[in-house]
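**Q** Structure in structure tokens, see below.
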Amino acid sequence: MTSTLLCTDIHPILTEYVIKLLAKNRIRTIYDFSKSEDDRLMRITNLSYEDVGVIKKDIISRFSGNSIQVVEYFRYLEELVEPLKTGIRGLDLLLEGGLLPGHVMEIFGDSASGKTQICTTISANIAHKQKLDVFYVDTKCDFSAQRVHRIVELNKCSLQEIHEAMARIKVERIFSPENLIRLIEDLLARVDELENFKVLIIDSLPPLWYQYQNTKSRCHPFGMLTQLIGLLRKLASENLISVVLVNLKITSSDSFAAGVGSTRKSTNPHKDVNEYPALGRFWEATPTTRILVSKIEGNETGHERMLTIWKCSYFRSGDRQVVVLSDKGVV
């Protein structure tokens, strides 16, 4: 629209004479015409107010895009792509079907709240039930092949089905941000060859960046975080990959976790005012959906966890579901 020149084909009222008058006043494109004040156009062309309005309306309808609400856009995406069921009933209910391809979801919570168990269950169920490849980035050496084997085994599978499911989970142990960035770049370069690759899980991010907590310069770690954000969004959106990230819940005033010079508190009305995800304000807008995992106070068995939508572009913040940690994984 910005470079399309005015011509007589655009509208019958735009005669060659009118176009020459406009050109003398540096109004040569339909963008110039659309952004100009109606009174100015009337003085230059001697057209009536109604004529100017008709031309503008016609230009906008023909050359501008259609604006839609954010919620409508995500509903439209849901119609194009089928959510990937995680096999965790509460999580699938919360996400209205499962992981949405092309989006970045973050699971955060206190240490030992069950985040890794959720990721392990997601990888086992998607590899077994959906027959899809999962890349699992383990930064803490917490991934357990025995646990995956047990989850799949309890689904009454044959030994061959168990081996096939486990072969679909590609585990990479990463211990530095540089290596993580190189891995994502490699996945982007090879994604066309990996036709069955649909889910990337990174468990978890804080250990990689906390090694820079006492560094004198924050530019290098934040620069790598910026690079990672761009790569993850590109991998997800351009290839319809579901990305699941694991993060910690911060309740202290740690400057590196909260962001340089940050004194903010959570703005989410459904959560405690001191709760927010690690890696700071800079990171906070990265995931499309952020889910808080928390223990349920007073629970006798200690196996139940509350999943709460802490932030989402298309689901209501504060919605909750209860899940249970069991031998079958998280159910």
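Read the figures in this text as sums done on the coordinates, not as results from a lab. Worth saying up front: this structure is predicted, and the values here are computed from it rather than measured. Cβ coordinates were reconstructed from backbone atoms using ideal geometry, including for glycine residues, and neighbour counts include every protein chain displayed.
**Q** Count charges around D327 for me, please; just the other residues with Cβ under 12 Å from its Cβ, Lys/Arg as +1, Asp/Glu as -1.
**A** Here the charged neighbours net out to +2.
**Q** Could you derive backbone 3J(HN,Hα) for segment 11-17 from the dihedral phi with the Karplus parameters 6.51, -1.76 and 1.60 (θ = phi - 60°), listing whole Hz in sequence and x where the residue is Gly or Pro?
**A** 7, x, 6, 7, 7, 4, 5
**Q** Could you sort out which of K140/K311; K115/K216; K131/K198 sit more than 22 Å apart by Cα distance in this structure?
**A** K140/K311; K115/K216
**Q** Another question about this same structure. For every other residue with a beta carbon closer than 15 angstrom to the beta carbon of L187, add +1 if it is Lys or Arg and -1 if Asp or Glu, then tell me the sum.
**A** -2
**Q** Follow-up. What angle, in degrees between 0 and 90 and rounded to the nearest 10, separates the Cα long axis of helix 70-80 from the longest principal axis of the Cα atoms of the chain?
**A** That helix lies at roughly 70 degrees to the long axis.
**Q** So what's the gap between the Cα centers of segment 285-329 and segment 97-161, to the nearest angstrom?
**A** The distance from the Cα centre of segment 285-329 to that of segment 97-161 comes to 16 Å.
**Q** Next question. Using alpha carbons only, how many degrees (0 to 90, rounded to 10) separate the axis of helix 115-129 from the longest principal axis of the chain?
**A** The two axes meet at around 80 degrees.
**Q** Sticking with this one: Of the beta bridges DSSP finds with both residues in the chain, what % are antiparallel, to the nearest 5?
**A** 40 percent
**Q** Here's another thing I want to ask about it. Angle, helix 49-63 long axis vs. longest principal axis of the chain, Cα atoms, 0 to 90°, nearest 10?
**A** Tilt of helix 49-63: around 40 degrees.
**Q** Please list the non-local residues whose amide H lies under 5 Å from the amide H of I107, H modeled 1.01 Å from N, same-chain partners needing a gap of 5 or more.
**A** Counting only residues 5 or more places away or on other chains, the set is L245, V246, N247, I291.
**Q** Read phi for every residue in segment 183-197 and hand back ³J(HN,Hα) as whole Hz from Karplus 6.51 cos²θ - 1.76 cosθ + 1.60, θ = phi - 60°, with x for Gly and Pro.
**A** 5, 5, 4, 5, 5, 4, 5, 10, 4, 5, 7, 9, 4, 8, 7
**Q** Sequence neighbours fewer than 8 away in the same chain don't count; with that in mind, list the aspartates and glutamates whose C-alpha is under 13 Å from K328.
**A** Partners within reach: E153.
**Q** Just from the alpha-carbon atoms, what are the Rg and Dmax of segment 93-218 in angstroms?
**A** Here Rg and the maximum Cα pair distance are 15.7, 55 Å.
**Q** So, one more: Check the straight Cα-Cα distances from K57 and name the lysines below 26 Å, setting aside those fewer than 8 residues away within the same chain.
**A** Hits, sequence-local ones excluded: K20, K24, K35.
**Q** Can I ask one more? Give me the percent of Cα-Cα pairs in the chain that sit more than 34 Å apart, rounded to a whole number.
**A** In whole percent, the share of Cα-Cα pairs in the chain beyond 34 Å is 40.
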